[in-house]
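Written out below as structure tokens is the structure these notes cover.
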Amino acid sequence: HIIYLNGTVHEMMRAAEADIRKDLPAFRADALLGANIDVFHRNPAHQRGLLATLTQTFTSNLKLGGRSFRIIANPIRDEAGRHVGTVVEWADRTEEVQTEEEV
């Protein structure tokens, strides 16, 4: 579940909401806080398995509704080494990717 969402990412998601809904019709930027991360995935079981076994930084580029995003995920572990969560950084690279494709 999403337990924190900074203002910059929230605004980015609001701006991208209409586009994201093309691929994920139930997506609502204002409902992200407290939501399960499954809202971002067509195959939630695969993503849950990936996050549960994450041992180092994971970087991925993905397309949602015609937008290009980069995510960087890092596992959070307690003192005993148990996985307790994941921190994910999102960046909307749509304009940058469009420029790269034009060049």
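What follows is calculated from the coordinates using simple rules that are stated; it is not laboratory data. Model, not experiment: these values are computed from the prediction. Reconstructed Cβ throughout: ideal geometry from the backbone, glycine too, with neighbour counts over all protein chains shown.
Things worth noting here:
- Calculated P(r) of the chain - Cα pairs past 21 Å, %: 37 percent
- Full-extension gain in nm, residue 5 to residue 89, via 0.36 nm per residue minus C-alpha separation: 29.2 nm
- Relative contact order (%) - region 45-103, alpha-carbon pairs under 8 angstrom, separation at least six: 27 percent
- Label-to-label distance, nm, for residues given as residue 35 and residue 82 (7 Å Cα→Cβ offset): 2.9 nm
- Cleavage-rule hits, GluC sites (Glu not before Pro), region 17-97, DSSP coil, Cβ neighbours within 10 Å at most 12: 79
- Cα→Cβ-extended label distance, 7 Å offset, between residue 98 and residue 54, nm: 2.9 nm
- Loop-located trypsin sites (Lys or Arg not before Pro) in region 20-103, at most 13 other Cβ atoms within 10 Å (DSSP): 42, 82
- Chymotrypsin sites (Phe, Trp or Tyr not before Pro) restricted to region 1-93 and DSSP loop, no more than 10 other C-beta within 10 Å: 4
- Angle in degrees between helix 7-23 and the longest Cα principal axis of the chain, rounded to the nearest 10: 70 degrees
- Between region 1-17 and region 60-103, the alpha-carbon center distance in angstrom: 13 Å
- Computed from the alpha carbon atoms alone, the convex hull of region 1-59 holds 101 Å³ per residue.
- Residues residue 45 and residue 17, FRET efficiency given R0 of 25 Å [Cβ-Cβ distance, rounded to 0.05]: 0.50
- Theoretical ellipticity at 222 nm over the chain - DSSP helices of four or more residues, -39500 (n - 2.57) apiece, nearest 500: -10500 deg cm²/dmol
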